[in-house]
Amino acid sequence: MFPVLIVVLFSLSWKISDSTQPAEEFLHCLSLHFHNSSSISELVYTQHNSSYSSVLKSLAQNFRLSTPSTPTPLVIITPLHASHIQATGLSYTTTYEVPFVVIDLLNLRSVRINVEKGTAWVESGATVGELYYEIAKRSRTLAFPAGIGHTVGVGGHLSGGGFGLLFRKYGLAADNVIDARFIDVKERILDRKSMGEDLFWAIRGGGGGSFGVVLAWKLKLVAVPAIVTVFTVSKTLEQNATKLVHRWQYIAHKLPKEIHMSIGISRVKSNENEKKTIQASFRAVFLGSIDELLPLMEEKFPQLGIVKEDCFEMGWAESNLYSTQFPIGVPLETLLNRNRKSILSKLFFTAKSDYVKQPIPETTFEGWWPKFYKEEAKSAIMVFVAYGGKMDEILKTETPFPHRAGNLYSISYVVDWEEEENKNSEKFMSWIRRIHNYMTPYVSKSPREVYVNFRDLDIGTNEINDKENSHEQAKIWGIKYFKNNFDRLVHVKTMIDPENFFRHEQSVPPLPCLLKKGANSNSLGSL
């Protein structure tokens, strides 16, 4: 599957005063609260700073969001420790609607593994790849069930749930968080005990940017064999791909928990006369050996025709690189490269998601294929990821992530384009909306479920200053991400951030009838 590319940062919107130099006033205020004011120049970048553009661009995983017309932050702050985050929100009152600050947690990225206890503390600014690398250095039989995109930020990934190669065996990344260090709107640093179970529940899948800033997460590591087996088998339409994809729907979610299986569907050139065709690539990672996998596949999915030559054995950490189409044998240190993209990481792209609860008819797949021959779909891909296993056993209310039992698989739709095509980006956006609309009869309904880490503003947004109607507006998109868990998230938000300081287009709102009047001048809410 392609990486879910979530940047770990928190946008803080506020009103700007009558001052003509809001950034300068903000920096002056900030200097009064940093422990070492001389470090401000190294940690804070304004729009007048010569390094501002390069720092901003380094944060962007999707260049569609970094064009000249895209709103940019007034200030980027790169804290070195918790006190810098606490100071960032102090005492700056403003009146404009648009400007915002970005707190980039790049420097807060330590990973500490305790092999004996099977736990890890990881700061939110670390990447999934950095986490996997540190685990693999210390043990070949420990792992963590997060995503496969090694440049994905840990904080954003965990805050939305986080699924990957091990989620059918051990659940989501968020299901395996056992503690956290969190800064709330009153600048307090809280752990699980002091924040309480309601807030601890909310931050493990309730989406980032609604409740506060998670500094670090304590993770429960899981057991894996020293050797896992992977395979990729690709079939074109001429090689019976349609029937194989259709059959996969009845099998993949019932396979043993030890198998993660997905399909990537895209347009390719066939070997015959370079003719365009559609290809379905069946990928799997199995927690076991080739000799264990082959008879299992022969029993459960003989139509795919897996043979020994299709399979490769490797360590679990290496299987994450394989799953993002890095060549077999690339060094494990590749996981540490925060800037290097895999073949599936795109510069300009848009994405949507769906959940499938009943097998889709074969004729529906046949109706898909012509859409992939459109010019704007030349780099489009759809990814099916089988559910079942452990995901059927965890209650939908266990964390805010509700997409559990009853789902056969998820679908991710992605289309990307080159920089020179970005002036016509709407045609690519239109293509993905058309195929998403085409799927309406065949996916989840009432609500049509969406994965929160695939942020989709088409499903609804908040009016940033309409406090009276904010809850009803948010519920339009909120139930699609969280189903009935949305109401509990609103309760937590009202409890922890009643003035709605942490907010963005799709942040959980507090109940307006319970909003407190006035904020403590020594709190983040006074911004």
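The values are calculated or read from the model by the stated rules, or taken from the named source; none is laboratory data. The model shown is predicted, which means the values in this text are computed figures rather than measured ones. Glycine also receives a Cβ, built like all others from the backbone with ideal geometry; neighbour counts cover every protein chain displayed. Surface areas here come from the heavy atoms of the whole protein model, side chains and all, with no ligands, DNA or RNA. Shrake-Rupley method; radii C 1.70, N 1.55, O 1.52, S 1.80 Å.
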Worksheet item: For the range 411-432, how many residues meet the condition of being free of Cβ contacts under 8 Å to residues at least 60 places away in the same chain and of a type outside the set (V, I, T)?
Response: 6
Item to complete: Among what's in the range 474-504 and is of a type outside the set (F, W, Y) and assigned to a loop (DSSP other than H, G, I, E, B), pick the residue that is nearest to the chain's Cα centre (by Cα).
Response: H504
Fill in: Checklist (1) assigned by the TED database to the domain that holds K276; (2) closer than 26 Å to A173 by Cβ applied to I203, failing item
(1)
Worksheet item: Which fully enclosed strands (runs of 3 or more DSSP E) of the range 207-313 have 1 or more residues being over 30 Å from I77 (Cβ atoms) and open to solvent by less than 40 Å² (accessible area, probe 1.4 Å)?
Response: 228-236, 259-269, 276-286
Item to complete: Please state which of the following conditions F200 fails to meet, knowing it meets all the rest: (1) in contact (Cβ under 8 Å) with a residue 40 or more places away in the chain; (2) open to solvent by less than 20 Å² (accessible area, probe 1.4 Å).
Response: (1)
Item to complete: Please note which helices (runs of 4 or more DSSP H) are completely contained in the range 119-194 and include at least 3 residues that are open to solvent by 30 Å² or more (accessible area, probe 1.4 Å) and at pLDDT 95 or above.
Response: 128-138
